[in-house]
Amino acid sequence: MEKKKFPLSQNSILALLMVIALFVFAALSFDFYYDLNDDVMIKDILSGAYTGTPDGHCIQMLYPISFLISMCYRLIPAMPWQGIFLCACQGICFCFVAQRSISLIEKKWKKVLLLLAEALMILSLFLWETVIVQYTITAAMLVAAACFLVLTSPLQSDCDIKEFLIQQMPAIILVVLAFNVRSEMMLLMSPFVAFSGILKWSGEAKAFAVQTIKKYLSLVGLIVAGMIISFVVDYMAYGSAQWKEFRDFFNARTQVYDYTWYPDYEEAEAFYLEEGVDRAEYALLDNYNFGLDEAIDAKLLWSIAEYADENTVELPLGNRIKEAFSTYKWRTLHEDIPYSYMVILAYLLVVALAIGNKESSIVWKVILLAVFRTIPWMYVILANRVPNRISHPLYFIELVILCAWITDYCRRSTKGVKWIGWVCAGILACYACIYLPDSYKNVRSEMERREVVNDVMREFSAYASANSQNYYYLDVYSTVSFSEKMFKDVDNSQKNYDLPGGWVSGSPLQKRATLPYHNELLSEAELLLKDNFFFVIEKERSMGFLDDYYGTQGITLQTEVVEEIGNNANPLQVYQVLPAGY
C-alpha cells in the first residue's frame, strides 16, 4: 500500500506551533529587549516618541519598510509595532526553515524529533538574539532563511522561468526585506547568497542549458531589481537639501567613530588648530556630545577621518592580510566557541553524507563555501569591526546553509544512507544540549544586569514625564548602556529628552523634536542655556567640559543641580545650565 505524504498544511501548523512554543518559552522566562540604544532610537522615530509624529525617516533602515512601520504607528499608536515586526521576522525565518525541513519527512514522530532538534539549536546558540533583539541580526536571519529555502527547493529542470521564480519568490522577498532592514548586513552576507545560488544551480541536470541559465539569472535579476527599487525610493525620501546635508554628516561621523577613529589632541595638535578645533571642542568630540557644537560638521569629520587614515601606521597589505588571517583562525578555533565548533561539526557531517552518497563533487563545493565564508570574515577583521552582532550572524547563516545541505542530501539519499542524516541531526542536537544551560544562564545574567542598569533610566523617564514643560539633554556616556523592553511599559508619547551626540543629532528630526519646547531654530548649545532646558549626567562625571566649551564662546556658566535621580552609587544629576548673572 502506498504511503500518503504528510499534507503541507499540517507541516506548516507543526512548524508554527514550534515557533510559538519557542517564543512562549522566551516570554515566560525573560523579557524582550531592544539590544542597543540605536534600536530604541529607531523605534522612537518610527513611533513618534522622538518628534511627536510617527516618521519613516529612521535613517538606519531603508525608507520603504520604515514608512510602512510608521504608518502602523499612525493607525494604532499604542501598539509596539517595531518590536512586533522584528520578532515576527525572526519567527518567520524559524518557521520557514522548520516547515521546509519537515516537509521532506513522512512520519509524524520523525517530524517532531527534527523540530525538537531545531528548537534545541535555536535555544542553545541564539536564545540571546531571540530575546535581546537587534535589527542588524534580524536582517541576517532573513538572509539565512532565504538561503535555506533556495537550497532545499525541489529541482525541476523542466519547469519554465515563471514557475521557477514563483517557487523562489519567498526567498526573493526575504532577501529584499533584509536589504531594507539593514542593507549593510545583507551585502555582508551576499557571498553566502551567491554560494547558495551556485550550489543549487550545480545540481541541475542541465546546468549549462540556456533555459537553466536564464532561470538563475532571472532569480538574481529579481533580487537586484528589488534592492535597486528600495534604494531609489530611499534616496528620493531623503532627497531634500537638509537630509542630504545630514546624511553626509552621518556618513562622516560613522567613518570617524566606527573605522578610522580620531587622533589624540596632543598627538595632532597642529592639525586640530589648523582645522579650528580647540581643546574644548575636542572634548565634545571625545565624549560624544559633539551635537552641542555646530562647527563639528561633515567637512571637519571628513578631514579628521582623512588625517587619521593618512597618519595611521599600518603594515603592508600583505602583512595585514596575514595578520588578519591569523586572527581569523584564532577566532574559529578558540574565541567563538560554541558557534565555530558547531559550524565545524556541521561541515564534517556534510562530508560524511557526501561520502555516503558517493558524491565526489563535495570537494569543490566545500572549498567554495570555505572561500566564500572567508570573504566577509576577512573584511570585518581587516576593518576591526567584529562585535557579536556581526560575528554571530556570520556563524548563523553558515550553519543554516550547512543544515540545508544536510537536509538536501537526506532528501536525495537512498533509505540505506538516510540514517546518516538522522545521526547528523542527533549529533547537532546533542552538542546544542551541552551548551543549553550556559546559554540560559548567560541570558538570565544579562536580564538581571539590564534591570539594574535600567532602573535609573526608568526613574529619570518618569521624572522627565512629570516635568513635560522642560527638555533634557543626556550626556552620551552616562546613558549609552540603557535600553528598553519591547513589549512591557510601552509608551509611544513624545519624549522630552535626547542625546546631544546621538546619530540623529543634527538631523531635521532633531530640530523638529525640540520645537515644542522653544519655537526658535537654535543650536543645541543655545537651547541648553534656556531656562527650560537641562543637562543630565552621572554624578561621577565632570561638567568641566561644558564650562570649558562655553568659556571659549565668551560665556561663563552658572550650573546648579536641581534633581538627583537614582539610589545607586552613581545616580544621574539634572543640571540647570545658565549664563552667569542670568
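Taking the Cα centre of the chain as origin and assigning +1 to Lys and Arg Cβ atoms and -1 to Asp and Glu Cβ atoms, the resulting dipole is close to 4720 debye. Taking all protein chains together and rolling a 1.4 Å probe, His392 ends up with roughly 30 Å² accessible.
Pairs from the table (Lys214/Lys365; Lys110/Lys162; Lys322/Lys358; Lys495/Lys539) lying more than 32 angstrom apart at Cα are Lys110/Lys162; Lys322/Lys358. Taking every alpha-carbon pair under 8 Å whose residues sit at least 6 apart, the chain reaches a relative contact order of 20 percent. Relative to the dominant Cα principal axis of the chain, helix 415-466 is inclined by about 20°.
Of the residues Ala252, Trp302, Phe325, the one whose Cα sits farthest toward the positive end of the charge dipole of region 219-363, with +1 on the Cβ of Lys and Arg and -1 on the Cβ of Asp and Glu, is Phe325. When the solvent-accessible area of the chain is split by element, carbon and sulfur atoms take up 61 percent of it, the probe being 1.4 Å.
Taking a ≥ b ≥ c as the square roots of the eigenvalues of the alpha-carbon gyration tensor, region 114-199 is classed oblate because a/c is 1.5 or more while a/b is no larger than b/c. 3J(HN,Hα) along region 318-323, derived from phi through the Karplus expression 6.51 cos²θ - 1.76 cosθ + 1.60 where θ = phi - 60°, amounts to x, 5, 5, 5, 4, 5 Hz, with x in place of Gly and Pro. With the biggest extent put first, the Cα atoms of region 17-107 measure 54, 30, 24 Å across the principal axes. Distant-in-sequence amide contacts of Ile132, defined by a placed amide H-H separation under 5 Å and a gap of 5 or more residues or a different chain, comprise Tyr33. The angle separating the long axis of helix 108-131 from the principal Cα axis of greatest extent in the chain is about 20 degrees. Our Cα-only numbers for region 287-420 put the radius of gyration and Dmax at 21.5, 72 Å. For Val536, the residues 5 or more places off, or on other chains, whose built amide H falls under 5 Å of its own are Tyr473, Leu474, Asp475, Tyr575.
3J(HN,Hα) along region 349-355, derived from phi through the Karplus expression 6.51 cos²θ - 1.76 cosθ + 1.60 where θ = phi - 60°, amounts to 5, 4, 5, 4, 5, 5, 5 Hz, with x in place of Gly and Pro. Selection among Gly506, Ser493, Phe535 by position relative to the dipole of region 471-558 gives Ser493 as farthest towards the positive end (Cβ unit charges, Cα centre). Which angle between 0 and 90 degrees, to the nearest 10, do you get for helix 241-255 versus the longest principal axis of the chain when only C-alpha atoms count? With both axes taken from Cα atoms, the answer is about 80 degrees. In the chain, what % of DSSP beta bridges are antiparallel (nearest 5)? Here the share of antiparallel DSSP bridges comes out near 65 percent.
Here the 3J(HN,Hα) profile of region 39-51, calculated from phi with Karplus coefficients 6.51, -1.76 and 1.60 at θ = phi - 60°, is 5, 5, 5, 4, 4, 4, 5, 5, 7, x, 5, 8, 9 Hz, Gly and Pro shown as x. Note on region 90-161: with charges restricted to the Cβ of Lys and Arg (+1) and Asp and Glu (-1), its dipole about the Cα centre is near 320 debye. For region 1-121, the relative contact order works out to 31 percent when only alpha carbon pairs closer than 8 Å and six or more residues apart are counted. Before rounding to the nearest 500, sum -39500 (n - 2.57) across all DSSP H runs of length at least 4 in the chain and divide by the residue total; then give [θ] at 222 nm in deg cm²/dmol. Taking each H run of at least 4 residues, the total per residue is -21500 deg cm²/dmol. Of the labelled figures [x] 24.3, 82; [y] 26.5, 97; [z] 25.7, 79, only one reflects Rg and Dmax of the Cα atoms in Å as derived from the coordinates, namely [y]. Which listed residue (Phe94, Ile45, Leu75) has the Cα farthest towards the positive end of the charge dipole for region 44-158, taking +1 on Lys and Arg C-beta and -1 on Asp and Glu C-beta about the Cα centre? Selected residue: Phe94.
The values are calculated or read from the model by the stated rules, or taken from the named source; none is laboratory data. Bear in mind that the values here come from a model prediction, so they are computed numbers and not experimental data. All Cβ positions, glycine included, derive from the backbone under ideal geometry; neighbour counts span all protein chains shown. With ligands, DNA and RNA removed, areas are computed over all heavy atoms of the protein, side chains included. Shrake-Rupley method; radii C 1.70, N 1.55, O 1.52, S 1.80 Å.
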